[in-house]
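Rule-based calculations on the coordinates, nothing more; no lab input. Worth saying up front: this structure is predicted, and the values here are computed from it rather than measured. Here Cβ is always computed from backbone atoms with ideal geometry, including for glycine, and neighbour counts include all displayed protein chains.
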Ligand code: NDP
C-alpha cells in the first residue's frame with residue numbers, strides 16, 4: 001500500500017519535504033481484516049484542499065479540524081471503490097466520496113465519512129469538486145449565506161478555483177453581474193471565456209485594488225464571496241454597498257503567515273449595514289440531496305462548466321497540495337491514484 005506520510009508538523013510556508021511516500025505490504029486478495037463496521041476502499045481520486053494545511057500544523061486555536069499525526073498517512077476528500085464492507089449500508093463495488101486516506105487502500109468508518117455515489121453518468125472525479133465538498137461550499141456559501149437577488153453585483157476572489165468558478169456560475173444563472181479576481185492571465189481568460197463572468201482581473205497586476213474594484217463596481221458591491229482575506233478584503237470593505245453581504249468562506253492568503261495581517265476597514269460594516277458571515281460547509285451536508293437536484297440537471301444540460309487540474313500518481317500528490325498556495329493549480333486540483 002503506497003501512502004503519503006506527514007513527516008513532521010509544517011511551520012511557515014509549506015513545501016513537499018514535510019511529506020514522504022512510503023510503501024508498506026498489504027496482502028492480496030483484499031478482505032477486511034476484522035468484522036467491524038468499517039469499509040475497505042480502493043482510492044481512485046484524491047482532492048487537494050487548502051484547509052489540509054491547517055491539519056499539517058501543530059494543534060492550534062484557529063483550526064476547526066484536528067491535526068494529522070507526524071509519521072501517519074494524511075487524509076482528505078476523495079473518491080473510492082468499496083472492496084469489502086462490514087457496514088450494512090455499503091457493499092462491494094459501491095462507489096463513494098468522502099474522507100479517505102492519502103494512500104492506495106484505506107479502511108474507513110463509513111457512516112461518519114462517506115457518501116454513496118448514485119449518479120455515474122458524470123465524470124467520477126467531479127465528486128472531489130463540483131459534486132462534492134467544494135461544490136457544496138459554493139452552493140451553501142452563495143445561496144444560503146449571501147441571500148442573493150437577481151441583478152445584484154457579485155465579487156469573488158480566487159475565482160477560478162474549485163469553489164470560486166462555481167460561485168460565479170451560480171451567480172450568473174441567477175442573473176447577477178459577476179466579477180472575479182485570479183492570479184494569472186490564463187485564469188482571467190477562463191473566468192471570462194469559459195465560466196461566463198462579466199469581468200475578471202489579475203490581482204497581481206493591480207497595484208491599487210481599491211481603484212480596480214471602483215473600475216468594475218462604480219456603484220459598489222452587493223455580495224462578496226471571500227476566499228483570500230488580507231488586502232483584498234480591506235479593499236472590498238471600501239467598496240461595499242448598503243446592506244451588502246460578505247460570505248467568509250476562506251482566507252488563503254493568511255494560512256501560511258506566522259501572524260495574520262490586520263484588517264483596517266471594518267468600520268464599513270456599521271456604516272454600510274453589512275452582514276459578514278463565516279461558515280463551514282460540513283455543518284450543511286443535510287442540504288446535499290437538494291444541492292444535487294439543482295446541480296445535476298445544470299451539468300447534464302451543459303449550463304455549468306467545471307475545470308479540473310488533474311495530476312497523475314499518488315507520488316505527485318504532495319507537490320499538487322503545495323501548489324494550491326502558489327496558485328499553480330488551474331481549476332480544481334485532483335490527484336489520480338487509480339482510474340478503476
Ligand atoms: P482553489 O482551487 O481556489 O485553490 C487555491 C487558490 O488560491 C490558488 O490557486 C490561488 O489562485 C489562490 N491563492 C493562493 N495563495 C494566495 C494568496 N496568498 N493570495 C491570494 N490568492 C491565493 O481552492 P478552493 O476553491 O478549494 O478553496 C478556496 C477557498 O475556500 C480557500 O480559502 C479555502 O480554504 C476555502 N474553503 C472553505 C470551506 C468552508 O467550509 N468554509 C470549504 C472549502 C474551501 P490565484 O492564482 O487566483 O491566486
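Sort 199-212, 327-340 by the packing proxy (mean of other Cβ within 10 Å over each peptide's residues), most packed first.
Details: 199-212: 15.2, 327-340: 18.7.
By packing density, highest mean first, the sequence is 327-340, 199-212.
Does segment 87-131 come out rounded, prolate or oblate, given a ≥ b ≥ c as the square roots of the eigenvalues of its C-alpha gyration tensor, rounded meaning a/c under 1.5 and, failing that, prolate meaning a/b above b/c? Walk me through the numbers before you get to the answer.
On the way: a/c = 1.81, a/b = 1.30, b/c = 1.40.
It is oblate, given that a/c is not under 1.5 and a/b is not larger than b/c.
What does the extension gain come out to for residue 204 and residue 303, with contour length at 0.36 nm per residue minus their alpha carbon separation?
Details: separation 99, 0.36 × 99 = 35.64 nm, distance 3.01 nm.
Length difference between fully extended and current span is 32.6 nm.
What is the Cα centroid distance between segment 209-258 and segment 293-338, reported in whole angstrom?
One Cα centre to the other: 25 Å.
Tell me whether segment 133-282 comes out rounded, prolate or oblate; compute the Cα gyration tensor, take square roots of the eigenvalues as a ≥ b ≥ c, and use a/c under 1.5 as the rounded threshold.
Details: a/c = 1.15, a/b = 1.09, b/c = 1.06.
Rounded, because the longest to shortest axis ratio a/c is under 1.5.
Modelling each spin label as a point 7 Å along the Cα-to-Cβ direction, I'd like the residue 89/residue 109 distance in nm, to one decimal.
Label at residue 89, label at residue 109, 1.3 nm between them.
Arranged by the count of other C-beta atoms within 10 angstrom, fewest first, what order do 269, 166, 314 take?
Numbers: 269 15, 166 28, 314 20.
Result, fewest neighbours first: 269, 314, 166.
What percent does the relative contact order of the chain come to when contacts are Cα pairs within less than 8 Å and at least six residues apart?
On the way: 718 pairs, mean separation 59.9, N = 340.
Contact order relative to length: 18 percent.
Could you work out the relative contact order of segment 120-181? I mean the mean sequence separation of Cα pairs under 8 Å and 6+ apart, divided by the number of residues, in percent.
Working: 75 pairs, mean separation 20.8, N = 62.
Dividing the mean separation by the residue count of segment 120-181 yields 33 percent.
Going by how many other beta carbons lie within 10 Å of each one, how would you line up 102, 97, fewest first? Could you put the intermediate results ahead of the total?
On the way: 102 28, 97 25.
The most exposed by this proxy come first: 97, 102.
Quick check on segment 238-340: take the gyration tensor over C-alpha atoms, sort the square-rooted eigenvalues as a ≥ b ≥ c, and tell me if it's rounded (a/c under 1.5), prolate or oblate.
Values: a/c = 2.52, a/b = 1.37, b/c = 1.84.
It is oblate, given that a/c is not under 1.5 and a/b is not larger than b/c.
Report, to the nearest 10°, how far helix 288-300 tilts away from the longest principal axis of the Cα atoms in the chain, using its own Cα long axis and a range of 0 to 90°.
Relative to the chain, helix 288-300 is tipped by roughly 80 degrees.
Where the centroid of each part is defined by its Cα atoms, how far is segment 268-284 from segment 86-125 in Å?
33 Å
For the residue pair residue 184 and residue 63, what label-to-label distance in nm results when each label sits 7 Å from Cα along the Cα-to-beta-carbon direction?
2.9 nm
Among 115-124, 67-76, how do they line up by average Cβ neighbours within 10 Å per residue, starting with the highest?
Values: 115-124: 14.0, 67-76: 16.7.
With the highest mean Cβ count within 10 Å placed first, the list reads 67-76, 115-124.
Round to the nearest 0.05 the FRET efficiency obtained for residue 259 and residue 328 when R0 = 22 Å and r is the Cβ-Cβ distance. Before the final figure, lay out each step's value.
Working: r = 25 Å, r/R0 = 1.14.
According to the calculation, E is roughly 0.30.
To test your reading of the geometry: what angle, between 0 and 90 degrees and rounded to tens, separates the Cα axis of helix 164-173 from the longest principal axis of the chain?
For helix 164-173, the angle is close to 60 degrees.
Within 10 Å of each residue's Cβ, count the other Cβ atoms and sort 305, 226, 315 from fewest upward.
Numbers: 305 16, 226 21, 315 12.
Ordered by Cβ neighbours within 10 Å, fewest first: 315, 305, 226.
Taking a label point 7 Å from the Cα of residue 296 along the Cα→Cβ vector, which residues of segment 87-116 have an amide N closer than 19 Å to it?
Once the point is set 7 Å along Cα→Cβ of residue 296, 90-91, 94-98, 114-116 turn out to lie under 19 Å by backbone N, inside segment 87-116.
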